[in-house]
């Protein structure tokens, strides 16, 4: 199988750049992994959710100084 994938790889290198990009996109989609667009959408939804929690007062806000102090303690050991 490694030989086959290596052969396909070598052949793909001969393709024009636009065709290689299309092939890459199709291979990534075939893995069913999230695409950058999926990730961006998920982050946008998370940001919106967090903003709503802040606006309606349900978010627990932690002062930055406290956060950085915890980080300093955790990683200074």
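Scanning region 53-65 for residues that are in a helix (DSSP H, G or I) and surrounded by 10 or more Cβ atoms within 10 Å (Cβ to Cβ) turns up 53, 54. Among residues of region 14-32 that are at pLDDT below 95, those with a beta-carbon under 8 Å from a residue that is surrounded by 11 or more Cβ atoms within 10 Å (Cβ to Cβ) at least six positions away or on a different chain give the pairs 28/35; 29/35.
In this structure, is residue 70 at negative phi, in a helix (DSSP H, G or I), surrounded by 10 or more Cβ atoms within 10 Å (Cβ to Cβ) and over 15 Å from the mean Cα position of the chain (by Cα)? Yes: the conditions hold for residue 70. Does residue 41 satisfy being surrounded by 10 or more Cβ atoms within 10 Å (Cβ to Cβ) and either at pLDDT 95 or above or out of contact with any helix residue (DSSP H, G or I) (no Cβ under 8 Å at 6 or more places or on another chain) (or both)? Yes, satisfied. Would you mind stating whether residue 7 is part of a helix (DSSP H, G or I) and loosely packed, with under 10 Cβ neighbours inside 10 Å? When the stated conditions are applied, residue 7 does not pass them. When you look at residue 50, is it in contact with a helix residue (DSSP H, G or I) (Cβ under 8 Å, 6 or more places away or on another chain) and outside any loop (DSSP other than H, G, I, E, B), yes or no? In short, no.
The values are calculated or read from the model by the stated rules, or taken from the named source; none is laboratory data. The structure presented is a predicted model; accordingly, all values stated were derived computationally and were not measured. All Cβ positions, glycine included, derive from the backbone under ideal geometry; neighbour counts span all protein chains shown.
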